[in-house]
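Undergrad: Below is a structure I'd like to ask you about.
The values are calculated or read from the model by the stated rules, or taken from the named source; none is laboratory data. Remember, predicted model here, so these are calculated numbers, not experimental data. For neighbour counting, all protein chains shown are included, and Cβ atoms are generated from backbone atoms with ideal geometry for every residue, glycine included. What goes into the accessible areas is simple: the full protein's heavy atoms, side chains included, and nothing from ligands, DNA or RNA. Shrake-Rupley method; radii C 1.70, N 1.55, O 1.52, S 1.80 Å.
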Amino acid sequence: MEDLINSRDLLNSTLHQSRQIDFKLHKTSANLSSIHQSLETAARDMASHCATFAIRDHVHRALPTVSAALNVYQLVNELQTKVSAHSSSDLTSYLSHIKQFRQALTLLTNTCKLAILWVQDTTALDNVLHLLEQLRDTEKRCLHDQGILGVAFSVLQHHFRDLLIQNSSPVPVPSSLFSSGDEETDPLPQPVLPVRVVDNLKAIVGCFPACDSRFMSIYVEVRITTVKMSLQGLDLDYLEISLSEFDSVQDIEGYVDEWGRHLEFVVKHVLEPEYTLCHQVFGHLDCFSRIALRSGIQAFFKFGNTVTKAKKEAIKLFKLLDVFATLHNLRQDFNRFFGAKPCSEIQTQTRELIKKLVNGASEILHELSAQVQLQRLMDPPPDGSLPRLVSFVTEYSEELLDDDYRPVLDQVLEIHCSWYNTKKRHVVSVEVQNIMKSLELNIETWANRYEDGALRCIFMMNTSCYLSKHVKGTRLGDLMGESWLKRHEDRVEYYAQLYLRESWGKMLLTNSERIKGFTEAFDQEYGKQSGWVLCDNSLRWKTGQLIVGVIIPVYKRLVESSSNKYVKYSSESIENMVTSMLQPKYGSNIKLLDRIRSVVAGRFSPTTTIAAV
């Protein structure tokens, strides 16, 4: 019964294959429909001749399948002749003949197996059994290196390689990739190979599915060369930079920007077409995994890790966020391309890099307020000018709130909290407010270090003017609120009046009776303040007018009541001298991050020595 069941299943499979080959070979002389008719005739003749013997039933069942095997073998011989005689230059026809030949061989093998099941129990048919076993092994002999299929396989390997080499070329690098502008949009990835070539490659692989790995080796060898040529056009030497080659992230921030553009190009325009092509040719992605691992993409992770290991400083936060944002934007592509087990190494490297980025960015952000407090130990500028730290921290905080960084930073903090099961308390807005509060305490502390009351007022005018004027209308200003801005605006007015009383007002109280005493006191006060600075042009002009309004009327009265020999300055000279005071020592209308970023960034760092602000 078990033999009958096996025979039934094998017969069904064999008949199905017979119909398929018959359909494809209906134009040939070896039409399988005639084979079926001859089998029926042979079966009837042989059964009648053996009717008187005990083996009648076995012969009745075995002879049709034996005859079928012999007829299929005849078909195999005809197709073998076609394969041997056909020129491989006509690849499409050559592949068609090979495919038909292989199907006929499979049909022969299965037909022989079926016939053997019926013949092997009948000793009278031992010679037939031996013949069937020989026919059954025909396919194995053809697959031998020197067999017809072995030779055809060798020929197709050469065709496969030639098709790849002749039609593979590196991906052209768009000029927009070498600039940070967004004016050009990169085109969508184009098919790596023409459709006709892809179909031929697929057909070649389909002829020898058991030899898939041999074709994959050829494929990977050719395509990895093309991928590396594509990457050579990007000039990626910077990916190998080491920590010893730079002191600060600022030294390589241009490379970080290039890194993001280059990685996106490699993933979307080099690896994505390779991913699609591998699936089209082989129906699976094993070869793509091998290409990805050898493409050089891991050098991008190495550079990212180098950035995370750089000296901890405020500017580094933005570069960490840039790297994180690039990886996050490519997250779906990474999951699709590298999600399979063969790419587990890339998966591990990506996870480790993201962990370092999230931990590093969160740590720097949470320490910013404390780092501002550390600068409180520094001495304020001796000329009362705006401390560079005030400008830097203000611009830095505004950049944290920028649309380019705030969503990324919020996401980083959320991930960090989920990893360590902590509450999401450190939102960006709270951190920025804490930074600004620390900065204001610094300002108060620095102001109290001035021994001269008037210079203290100049310092407070500079800082409050900057905070009210430069923060107003920005995201930082919106966060701090109108009352905060108004408080600093009022402080400017308050300290301007206090400055007038502490310096020129005191001078007038003691030297308003005689022009000689007034002149000596003016020279002394002017000399003392000649090194002081009011950074804002409009504030400096307004303050000069306040001074003029206080001292010029008194001076004119003294000049009118005094002898000419005691008059050192004219009223106009006094006015010119006063309005030219408090000038900065350099032109200051330069964007902050372009002017002082390099000076302050290193100092605003937990690993550097405290220096003057």
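Undergrad: One residue is enough: does the stretch 335-350 have a residue meeting the conditions in contact (Cβ under 8 Å) with a residue 60 or more places away in the chain and either more than 30 Å from TRP532 (Cα to Cα) or not charged (D, E, K, R) (or both)?
TA: Yes: one or more hits.
Undergrad: Then there is this: State all residues of the stretch 560-578 that are modelled with pLDDT under 85 and charged (D, E, K, R); if no residue qualifies, say none.
TA: Scanning the stretch 560-578 gives GLU560, LYS565.
Undergrad: Of all residues in the stretch 525-547, how many are open to solvent by 20 Å² or more (accessible area, probe 1.4 Å) and farther than 19 Å from LEU386 by Cα? Before you say what the answer is, go through the steps one by one.
TA: Step one: of the stretch 525-547, the residues open to solvent by 20 Å² or more (accessible area, probe 1.4 Å) are 525-528, 530-531, 535-538, 540-542, 545-546.
Of the ones still in play, those that are also farther than 19 Å from LEU386 by Cα are 525-527, 545-546.
Of the residues in the stretch 525-547, 5 are open to solvent by 20 Å² or more (accessible area, probe 1.4 Å) and farther than 19 Å from LEU386 by Cα.
Undergrad: If a residue counts only when it is under 21 Å from HIS470 (Cα atoms) and open to solvent by less than 50 Å² (accessible area, probe 1.4 Å), which helices (runs of 4 or more DSSP H) contained entirely in the stretch 356-456 have at least 1 such residues?
TA: 388-400, 428-447
Undergrad: Which is more than 17 Å from THR326 (Cα to Cα) and out of contact with any Gly (no Cβ under 9 Å at 6 or more places or on another chain), of LEU271, LEU285?
TA: Residue meeting the stated conditions: LEU285.
Undergrad: Same structure, new question: Would you mention how many residues in the stretch 457-499 are touching a residue at least 12 places away in the same chain (Cβ under 8 Å) and assigned to a loop (DSSP other than H, G, I, E, B)?
TA: Here the count works out to 2.
Undergrad: Within the stretch 579-589, is there a residue that is part of a helix (DSSP H, G or I), modelled with pLDDT of 70 or more and open to solvent by 40 Å² or more (accessible area, probe 1.4 Å)?
TA: Taking the stretch 579-589 as the starting set, the residues that turn out to be part of a helix (DSSP H, G or I) are 579.
In the following step, the residues that additionally are modelled with pLDDT of 70 or more were identified as 579.
Subsequent filtering for residues that are open to solvent by 40 Å² or more (accessible area, probe 1.4 Å) retains 579.
Taking every residue of the stretch 579-589 in turn, at least one turns out to be part of a helix (DSSP H, G or I), modelled with pLDDT of 70 or more and open to solvent by 40 Å² or more (accessible area, probe 1.4 Å).
Undergrad: OK, next. Hey, can you tell me all the residues within the stretch 235-270 that are crowded, with 20+ Cβ neighbours inside 10 Å and at pLDDT below 90?
TA: The answer is VAL249, ILE252.
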